[in-house]
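Only the coordinates and a few stated rules stand behind these numbers; no lab work does. This is a predicted model, so every value here is computed, not measured. Because the Cβ atoms are built from the backbone with ideal geometry, glycine has one as well, and the counts that use them run over all protein chains shown.
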Number of protein chains: 2
Amino acid sequence: MKLYSNRFAPSPRRVRMYAAEKGLSLDVVEVDLAAGEHQAPGYRVVNPLSEVPTLELGDGTRVTESLAICRWLEELHPVPPLFGRDADERREVNRWIDRLMFRLYVPTTHVFRHTHSFWATRLQQVPAWGEQQRTTVLAEYAALDALLAEREYVAGATFSMADIVAFTSIDFGKPSGLRLGEAHAHARRWYEAVKARPSAAA
Amino acid sequence: MKLYSNRFAPSPRRVRMYAAEKGLSLDVVEVDLAAGEHQAPGYRVVNPLSEVPTLELGDGTRVTESLAICRWLEELHPVPPLFGRDADERREVNRWIDRLMFRLYVPTTHVFRHTHSFWATRLQQVPAWGEQQRTTVLAEYAALDALLAEREYVAGATFSMADIVAFTSIDFGKPSGLRLGEAHAHARRWYEAVKARPSAAA
């Protein structure tokens, strides 16, 4: 399976990290977003929205949306489970995935897109919006810290897709100056533990 | 099971519509958001983020995040399937759920929050952001119309959770003046078909 990816973008990293945790080998094709390769006609055939990731299957089927890709891979390769081992665990993993996608990942991308110079000539920035979303991200860091004071991983005692969503979102805050700080000791303990996993380098 | 809900909000409507399609009966508790009931101490115990929906189980467990609630109910009540019948169908349903949540639902809420007078005294509006998101919503209406020119429902030949996400998001555009228009004949055919289902009134 071929994964159209970009090394700096959080969405394809979710899929790479998931695949590494599962021991799945993907043929990764780097799409240079900074050079505009995703806007080129060739890649528009692969993904009409010019987004990464796209997973291309052996029969030519192309699958987009990082979480949908991982959910599908989970059905084909259920061990080790990364979306929970039973209905109650899956409920908790899904709950945290959704919460973190909407309250951490999306706001983090908006801070980047609306305050970082990389985007200044690439879209119509609304800096006031970007700064407002910075506050949302910091509130979610605090919520994550409170959560991780009481459990080892985001969705409970076991590493899961919710940790991948949280970790890759936090890392993607770096270009915008967003980092876990002194006040987030529990989240930092968790962050270092996730960072030490081989999949974090995928 | 008790569902803390609000009749105008799109997220609890997703759960109500899903439950109606499955024939599941929920004890719906209306939370008056306009009157600030979600901010009252009593509701903060139910949901510390002051959000709806919250599903309260018989043992007191509280589940948040509309899609996580529906995914969990789907495990307990798999028939009729609303997340697809096999791995490939589930992949397509999940793909469209994610795409529509990020490209239609979230932008629609941002138009409402940042341009509608209801929110003027309730948050710090960034109207330029709201107007930009209006463009995003209209682009997704066009994409949905092109999709529905070629298939009966969003994820294929069968009604699914992806239709519920699309339909409830489109309806939530109304207070912001967002509506399917003359250019969206295929999407309107689909919209009327979904609106005619008894679950649309749930």
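Placing a label point 7 Å from the Cα of residue A:185 along the Cα-to-Cβ line, the residues of the range A:136-170 whose backbone N sits under 17 Å from it are A:142-152. Peptide A:63-70 shows a mean partner chain C-beta count of 5 within 10 Å per residue C-beta. At the listed q of 0.28 Å⁻¹, the Debye profile of the range A:1-49, built from one uniform point per Cα, gives log10 I(q)/I(0) equal to -1.10. Between residue A:174 and residue A:131, what is the FRET efficiency for a Förster distance of 22 Å, r being their Cβ-Cβ separation, to the nearest 0.05? It comes to 0.80.
Using a simple spin-label model with pseudo-atoms 7 Å out from Cα toward Cβ, residue A:50 and residue B:45 lie 5.3 nm apart.
Centroid-to-centroid, using Cα positions, the range B:42-90 and the range B:113-187 are 23 Å apart. According to the Cα-based calculation, Rg over Rh for the range A:87-201 is 1.00, with Rh computed by the Kirkwood formula. With neighbours defined as other Cβ atoms within 10 Å of a residue's Cβ, the residues B:104, B:3 order from fewest to most as B:3, B:104. Taken over the protein assembly as shown, lysine pairs spaced eight or more positions apart, or on distinct chains, with alpha carbons under 17 Å apart number 6. The mean number of partner chain beta-carbon atoms within 10 angstrom of a residue's beta-carbon across peptide B:91-103 is 5. Summed over all non-identical Cα pairs, the Kirkwood treatment of the range B:1-123 gives a radius of 15.8 Å.
Charge dipole of chain B (Cα centre as origin; +1 on each Lys and Arg Cβ, -1 on each Asp and Glu Cβ, all else neutral): 340 debye, rounded to the nearest 20. Karplus-based coupling profile of the range A:86-94, in residue order and whole Hz: 8, 4, 5, 5, 4, 4, 5, 4, 4, with θ = phi - 60° in 6.51 cos²θ - 1.76 cosθ + 1.60 and x standing for Gly or Pro. What you get for the range A:1-52, charging only the Cβ of Lys and Arg (+1) and of Asp and Glu (-1), is a dipole of about 180 debye around the Cα centre. For the protein assembly as shown, just say rounded, prolate or oblate: build the C-alpha gyration tensor, square-root its eigenvalues into a ≥ b ≥ c, call rounded for a/c under 1.5, and beyond that prolate if a/b exceeds b/c, oblate if not. Rounded, because the longest to shortest axis ratio a/c is under 1.5. Across B:55, B:24, B:76, mean-square fluctuation computed from a Gaussian network of chain B (C-alpha pairs under 10 Å connected) peaks at B:76.
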